[in-house]
Structure formats: C-alpha cells, structure tokens
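Visitor: The structure's right below; bear with me while I get my questions together.
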Amino acid sequence: MHIAEGFLPVAHAIGWTIASAPFVAHGGRRLNHQMREHPQTKLLLGASGAFTFILSALKLPSVTGSSSHPTGTGLGAVLFRPPVMAVLGAIVLLFQALLLAHGGLTTLGANVFSMAIVGPWVSFGIYQLLRRFGASVYVGAGVAAAIGDLSTYVTTAVQLALAFPDPTGGVLGSAIKFMGVFAVSQVPLAVIEGVVTAMVMRLLMNYDYIKLSESSDIVRAD
Amino acid sequence: MKRGEKILLIVLLVVFASPFVMTRLGRMNGFVGTDNQAQAMIGKIRPDYRPWFNSIFDPGEKEEWLFALQAAIGVGVFSYCLIKLHARRKTSNRGQKE
C-alpha cells in the first residue's frame, strides 16, 4: 500500500496531504488527552504502536509469487479508537519514508489516508458491528483487523486509479487493474493479520491488561 | 505462564521472524512486492509518467536489513511494554491480597 516517492502527480499529492492533515491533528489531540487523562494506558499505547511498527515491516510472501505486508492498525483502532491510530500510523509511515525509502514524503498524505485513517476506521466500525451481533472480542478484533487491512489496500488502488485513469477504461478500469495487483496477494495476508491480532488480543485479555466495559467496548485495565 | 499462552507467544514469534528467515534461505528472492507491481502498473497505464521527486535517502541493497531493524525495534518496544504491564499487574495483585 506504499505509493512510492514521487509516484503521485503534484495535485494529488497535495490533495491527499490536505485530506489527511486534519485527521492526524485531531488524532494528536486525542493522543495527548489519552496520555494525560489515563496515564496508566501509556504502556498499552506503546504496545499498540509497536504492533503496527512490527506488522508493517513484515514483507510476507503470498500466493502467485508476490509478497506484501500487513498494516497492524486494527489492534490500536479497537483498543484506543481510530484517531489515535492516525498519529501512530503516520509516525510509522514517516519512518519508512525517511529511512527505508519505502513510501515517500510526497505520497505520505495518501499513504496516511489509506493505512492510518481508512484502515483504522473500517476496523473500528467492523468491530463495533460484530460486537453488536454477539461476536466475541477475539473474533471481532480479528475480523476487524483483516477487513481493515484489505480496506487500506482498496484505498490505495482507488488513489492510484484517480491519479492514473486507464486510457480506455477510465478511473474504474484503472481501479480494477490496481485492485488486481493487490487483491489476490493481500487476502491471505489479511487473514494472517486477523489471526495475529486476535491472538494478541487474547494475550492482553488473559492477563487482564484490558477489560471489557459495560458497553462491551474495550477499555484499559489499571 | 500457562501452557496455552506459551504456545501463543511461540506462534507470534514464528510469524514475526518468518520473513527474515525465508529471505535468508533465499526462498523469497522470487517474490515481487505488490508495491513494486503497482509501480509497474503505473508505467503500463501512463508510460510517459516520471516521478517528480526522489527519496532523500536510498538504502539500496540494505533495505532488507532496515526492514528487519524496524521489526526488531517494534518487537523490542512491544515486549518492553508487555513486560512492564505484567510487572505492574503483579504488584497491584499483591497489594490487593495483603
């Protein structure tokens, strides 16, 4: 889902940066609030950030001779709500753009939008929905993480399609082409991400690091 | 630590370590990243498009190691946070019992 440095036309690069900025700014305020009001959750915040850091660094082999990587934003989105992940995800992407030449500064806005905004919000929505329908925390978080992962890649495909419409098929035709690049490879990886997220969730719950609140939302324990 | 939790931790470690082990073994050499495939697709749709900005720092061949470093930093921070959480849990449990 990393659009490489310079691979979005100037107008698109600026547009996505403007679109992402308010989410990251709002996330920064939420993160500050979280650390000030609930300082005991700092360790769990650190763990969630580190989880994204690990998963987005994993280039896993997938079917059809291609490799791709998970995003790891679902866990934090479920635990701390999506705005916090906008910041943590943006930090990870900035790190990769600067030190790994993966993604880029000009495409940071677009990449933040797909991985740190759309992915976490989709994960959060799916988690809430599944919980309403009686799914367990683990199933909810796992499925949410997997679908959030896929939604990030779909967003990237749409972003690329908007920037590079197909000469004959237009934006839609181009979107189908780009989704073809990601979809088949990403599905198995999304499943792995879902399973790993559910396992980490179980680890956290087993040790009472997190507890369920009455609204069946997840809240931090001491 | 209960048996189920030990198994959980081991599975997690295997998943986290797998890409690097596989790269070392040479099994992943034939795999092409989807990000690169998308880049190639841009070239097909718009052959005239040239990137207008280049990475400030290009690690080249060392990229793979930097990815490993990123994962290692992540595993380090993740483990540190969980160990600290665990320690805090223990002390607060003891406090409640006494």
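Here, each number is a calculation from the coordinates, and none is a lab measurement. For clarity, every value in this text was computed on a predicted model and none was experimentally measured. Heads up, the Cβs are rebuilt from the backbone with ideal geometry, glycines too, and the neighbour counts pull from every protein chain shown.
Visitor: So how do A:Glu193, A:Glu5, A:Glu37, B:Glu63 line up by other beta-carbon neighbours within 10 Å, fewest first?
Guide: Placing the least packed residue first, the sequence is A:Glu37, B:Glu63, A:Glu5, A:Glu193.
Visitor: Within 10 Å of each Cβ of A:43-55, how many other protein chain Cβ atoms are there on average?
Guide: For peptide A:43-55, the averaged partner shielding equals 6.
Visitor: In a shell of Cβ-Cβ distance under 15 Å around B:Tyr49, excluding B:Tyr49 itself, what net charge do Lys and Arg (+1) and Asp and Glu (-1) give?
Guide: Surrounding charge for B:Tyr49 is +1.
Visitor: Which order do A:Lys59, B:Lys6 fall in if you start with the one that has the fewest other Cβ atoms within 10 Å?
Guide: Ordered by Cβ neighbours within 10 Å, fewest first: B:Lys6, A:Lys59.
Visitor: Using only alpha carbon pairs under 8 Å that are at least six residues apart, calculate the relative contact order of chain A and give it in whole percent. It would help to have the intermediate numbers written out before the result.
Guide: Working: 374 pairs, mean separation 53.3, N = 222.
For chain A, the relative contact order is 24 percent.
Visitor: Then there is this: At a 10 Å Cβ-Cβ cut-off, how would you order A:Ser66, A:Ser114, fewest neighbours first?
Guide: A:Ser66, A:Ser114
Visitor: Average partner chain C-beta neighbours within 10 Å, per residue of A:101-113?
Guide: 3
Visitor: Can you give the average number of partner chain beta-carbon atoms within 10 Å of each beta-carbon in peptide B:85-92, as a whole number?
Guide: Neighbouring Cβ atoms belonging to other protein chains average 4 per residue here.
Visitor: Check which residues have an amide H placed less than 5 Å from A:Ser66's amide H, if you skip close sequence neighbours.
Guide: Sorted by chain and number, the residues that satisfy this are B:Val32.
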